[in-house]
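Notes follow the structure.
Derivation of every value follows stated rules applied to the coordinates shown; laboratory data play no part. The structure presented is a predicted model; accordingly, all values stated were derived computationally and were not measured. Ideal geometry is used to build each Cβ from the backbone, glycine not excepted, and the neighbour counts take in all protein chains shown.
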Amino acid sequence: MKGLDDELLDYGTQMTKRHPRSQPTWTDVKAKLADLDRANLMGLVQDLYAAHKDNQTFLHTRFGLGEDVLKPYKETLERWLWPDVLRNQDISVAKAKQAISSYRKAVGEPAGLAELMVSYCESAAGFSNNIGYQDEGYFDALVHMFEQALKVTCQLPAGDRDALIARMDRGAHPAIILDMA
């Protein structure tokens, strides 16, 4: 007769065995989730929430919790597009773009998406103007984000749209013109 330790060992072994396929898929995960009751599902979400700050940000954004759900995304943009050069911080266009992508996955609300894209342009243009940063890839990414921001912004109601376009005109547009000169 097996004891509790043996049963836990068997359960652990079953959980770590891989299917003949190389990697589990969302279908595999969905099947396991379907077997969970409400309490276990809540426990799983709580564990994911505690596991990483990005998960917390995702859930706060998805459920509209907090005063400003865009704040963590804007902080990420600012960190990676306008680093503290005195502290030797790196620039990362990819990590800045990831913040916008993460917001899109969490909720993707057009006004919030446009706000983040305009903030990206403001930060990137401000940094390049302030520090004299002239990296071609950085400017290419700025021009591309400017184009995307215009497309998303133009789909917004007039009041929201006009305010964002005015910000782009004051902040990012002059830097793009200077880059093209």
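Data overview
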{"quantity": "Local electrostatic count, Leu41, Cβ distance below 15 Å [Lys/Arg +1, Asp/Glu -1]", "calculated": "0"}
{"quantity": "Cross-link pairs Lys53/Lys151; Lys30/Lys71; Lys30/Lys151; Lys105/Lys151; Lys30/Lys97 - those with Cα-Cα distance over 24 Å", "calculated": "Lys53/Lys151; Lys30/Lys71; Lys30/Lys151; Lys30/Lys97"}
{"quantity": "Hz values of 3J(HN,Hα) by residue in segment 58-72 - Karplus curve (6.51, -1.76, 1.60), Gly and Pro given as x", "calculated": "4, 5, 4, 5, 4, 9, x, 8, x, 6, 9, 5, 7, 3, x"}
{"quantity": "Relative pair counts by distance (%), Cα atoms of segment 68-180, 5 Å bins", "calculated": "2, 12, 25, 25, 20, 11, 4, 1, 0"}
{"quantity": "Sequence ranges 78-91, 38-51, 100-113, ranked by mean other-Cβ count within 10 angstrom, highest first", "calculated": "100-113, 78-91, 38-51"}
{"quantity": "Of Val107, Gly126, Leu150, farthest towards positive along the dipole that unit charges on Lys, Arg, Asp, Glu beta carbons give segment 68-180", "calculated": "Val107"}
